[in-house]
1. Can you tell me how many residues within the stretch A:112-135 are near ligand 1 (Cβ under 10 Å from one of its atoms), surrounded by 15 or more Cβ atoms within 10 Å (Cβ to Cβ) and assigned to a loop (DSSP other than H, G, I, E, B)?
2. Restricting the search to the stretch B:16-34, which residues are open to solvent by less than 40 Å² (accessible area, probe 1.4 Å) and among the aliphatic types (A, V, I, L, M)?
3. Does the stretch A:144-192 hold any residues that are of a type in the set (A, V, I, L, M, F, W, C), buried (at least 22 other Cβ atoms within 10 Å of the Cβ) and more than 18 Å from A:GLU117 (Cβ to Cβ), and which are they?
4. Do you know which residues across the stretch A:202-223 are open to solvent by 30 Å² or more (accessible area, probe 1.4 Å) and assigned to a loop (DSSP other than H, G, I, E, B)?
5. Considering only the stretch B:245-258, I want to know if a residue exists there that is open to solvent by 10 Å² or more (accessible area, probe 1.4 Å), farther than 23 Å from B:PRO284 by Cβ, out of contact with any strand residue (DSSP E or B) (no Cβ under 9 Å at 6 or more places or on another chain) and not in a loop (DSSP other than H, G, I, E, B).
6. Among (1) closer than 24 Å to B:THR76 by Cβ; (2) within 13 Å of ligand 2 (Cβ to nearest atom); (3) out of contact with any Lys or Arg (no Cβ under 8 Å at 6 or more places or on another chain), which single condition is A:ASP174 missing?
7. Could you please give the count of residues in the stretch A:149-184 that are β-branched (Val, Ile, Thr) and more than 7 Å from chain B (Cβ to nearest Cβ)?
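The values are calculated or read from the model by the stated rules, or taken from the named source; none is laboratory data. Quick caveat: nothing in here was measured; it's all calculated off a predicted structure. Neighbour counts run over all protein chains shown; Cβ positions are idealised from the backbone, glycine included. Side chains included, ligands, DNA and RNA excluded: accessible areas come from the protein's heavy atoms. Shrake-Rupley method; radii C 1.70, N 1.55, O 1.52, S 1.80 Å.
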Amino acid sequence: MIVGEQKPFDEIWDMIKDYKKVLVFGCNTCVAICHAGGGKEAEILASLLKMKATQEGAAIEISHSAIERHCEPEFFQPSMEDVRKYDLVLSTACGVGVNLLSEIIGEIPVFPAINTEFFGAVPRAGEFEEHCAGCGNCILHLTGGICPIARCSKSLLNGPCGGTNNGSCEISPDIKCAWVQIYDRLKALNRLDVMKQINEAKDWSTSQGPRNIKVKLMEENTK
Amino acid sequence: MSFRDIVESGKFVVTGEIGPPKGTDIKEVLHHIELLKGKIDVANVTDNQAAVMRISSLAGCQLCLQNGLEPVLQMTCRDRNRIGLQADLLGASVLGIKTVLCLTGDHVNAGDHKQAKSVYDVESVQLLKIVNGMNNGFDMSGNELQGATDFYPGAVVTPESVPLEPQLVKFEKKVEAGAKFFQTQAIYNMDKFKDFMKYARQFPVKILAGIVVLKSAGMANFMNKNVPGIMVPQDLIDEMKAAGKEKALDTGLNIAARHIRQLKEEKICDGVHIMAIGMEDKVPEIMERAGLL
Ligand code: SF4
Ligand code: SF4
C-alpha cells in the first residue's frame, strides 16, 4: 500500500488561508489504513482548520467528504458536481490522487495535505515499513526476498557497507541493515552462493519516470 | 616509483591521509603535504570525508602531485553517478594520478548537507569493475576509450565488522572485481587481526592495517560505542587511563608505534594506513617510534 503522513498543520494552514470555500477531501483506501488521509482524518483536519479560522478571524467555509479511491476517475464521478462548488480542494489522498484530480477538475486548485512517502507493509498495527521502491526491474529472487533498493540506505547491490553495525544501518540504530538481513535469509535458504555472485551495476532507466504502461486486453490479444 | 611498484616490491608500506579543507585557504593542507612527503609512501586524499563538503579529492590529489607527495584518489559513489565518476577517472589519469581507492561513501546523513540527494548509482564493487574496464580501454557501456587509464585499484575492508561474515562476502567480491590492495578500518586487537590476515592471505591482494592514534580513554570508549567496526580492547583502554591526562597522547602514540612495529616485524600484513585525523604533525613521530624512519 501507499504510505503517507499528514503535513505539519501550519504548512496546511498557510496553503489554504487565502481561500474562501475549502473542501478537505479524503481517500478511503491506502491513506486511510495509515491514518493519514481517510474520511475520518479529513473530518478531523477540517474541524481543526475551522477552529484555526475562527481564531484568526478568517472567513473561510470549510467542509469535508471522502470517496473510496482517488486513483481512478470513475470513483470521482458521483461527487464531481459537489466538488466543483469549492474554490480549493485540500486533498488528503496520496500524490497520485492529487495529480489525477487536478487533471480532472479543471479550474479549481487541488493542494496536498499529506506527504506521500513510500510503498509499505504493515508488519504490526500502526507500523509501516518501506519494502519496495518500484524500481521497475525486480531482483528479489537474488536477495532472499528482501529489497536492497528500498531497504538499504544506499541501495547497495553487493553486500553491506562498512557502516553496518550489529545488524543496524549506519544511519540509525532503529533501521535494520538490509544486507545483514539478506545474508541471514540467504543463509537460512542455503543460497549464500547467490550473494557471492557480483551484481552488475543496475539499469536505473526502468526506475525513472514518467513511466506509463498500456496493458493489451485479453480480447485484443486473441484477435 | 609508483605506489603499485612500491607495494608489489614487498616493502612494508606506509600510507597516510590528506584531508582537503573546506574553503580556498590551502596553507594548512600544503603544510601537511610538506610534513608527510618523503616520509610516507602515498597519501589518500579523502573525498568529502564523512559527507562533509570540502575541496574535491581530485583537486587535492593535484595539490599533492604539484608538491611532491604521491596521492591516492579516494572516490566515493555518494556524490556522482557513473558518468561523473568515469569523467573524473579520465581526468585523474591525465593529471598523473595512478592509484584509486574505490569506496561506497558515508551516507549524507553523517555530513553537513543532510538534505542532499544521495547518488549511489553504482557502489564500491561496481566502481572497481569500472576502473578495471577503463584500464582495459573501455567505458562502462563498452565504448572504446581514446586512450586507456592505468590505475592501481584499491578498496577498504572492516576486519572487525559485526557481523563479520557478510563483510567478508563483500571483501571477496571486491577481490574478484579487481581490487589489488586493501586498507582496513582502524584495528587495535592484534590477535583478532592476525585471524583476519590468516583468512585474507588466501587472496592475491596487499593488506594495509588501519591505524588511528588514541588520544584518550574517552576517545576509545566513544569509538567503541559509536564507530561501526572499531573495537578498542579493554587492556588498551586501561593503559590509556593509567597514563593520566598529561601522558595520554604520548601513550596513544606509543601504542600506535608498538602495533606498527609488531605488524612489520611479525610480517602480519603488507603495510599500514595511518589516519591522523587532525594530527598530521604527529605522523613522522609515530613512524620514528615504530622504527620506520
Ligand atoms: S527490486 Fe525493485 S521492484 Fe523489486 S522490491 Fe526492490 S524496488 Fe521493488
Ligand atoms: S549499513 Fe546496511 S542498510 Fe545501511 S547503507 Fe550500509 S549496507 Fe545499506
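1. Qualifying residue count for the region: 2.
2. B:ILE18, B:VAL29, B:ILE33
3. Passing the criteria: A:LEU156, A:LEU157, A:CYS161, A:CYS177, A:TRP179, A:VAL180, A:ILE182, A:LEU186.
4. Once the filter is applied, which keeps residues that are open to solvent by 30 Å² or more (accessible area, probe 1.4 Å) and assigned to a loop (DSSP other than H, G, I, E, B), the stretch A:202-223 yields A:ASP203, A:GLN208, A:GLY209, A:PRO210, A:ARG211, A:ASN212, A:ILE213, A:LYS214, A:VAL215, A:LYS216, A:LEU217, A:LYS223.
5. yes
6. Failed condition: (1).
7. Step one: of the stretch A:149-184, the residues β-branched (Val, Ile, Thr) are A:149, A:164, A:171, A:175, A:180, A:182.
Narrowing further to those that are more than 7 Å from chain B (Cβ to nearest Cβ): A:149, A:175, A:182.
Qualifying residue count, the stretch A:149-184: 3.
Each row is one residue, and each column tells you yes or no for (1) in contact with a Cys (Cβ under 7 Å, 6 or more places away or on another chain); (2) modelled with pLDDT of 95 or more.
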| position | (1), (2) |
| --- | --- |
| A:ALA32 | no, yes |
| A:ALA46 | no, yes |
| A:LEU88 | no, yes |
| A:VAL96 | yes, yes |
| A:PRO109 | no, yes |
| A:ASN115 | no, yes |
| A:PHE119 | yes, yes |
| A:GLY126 | no, no |
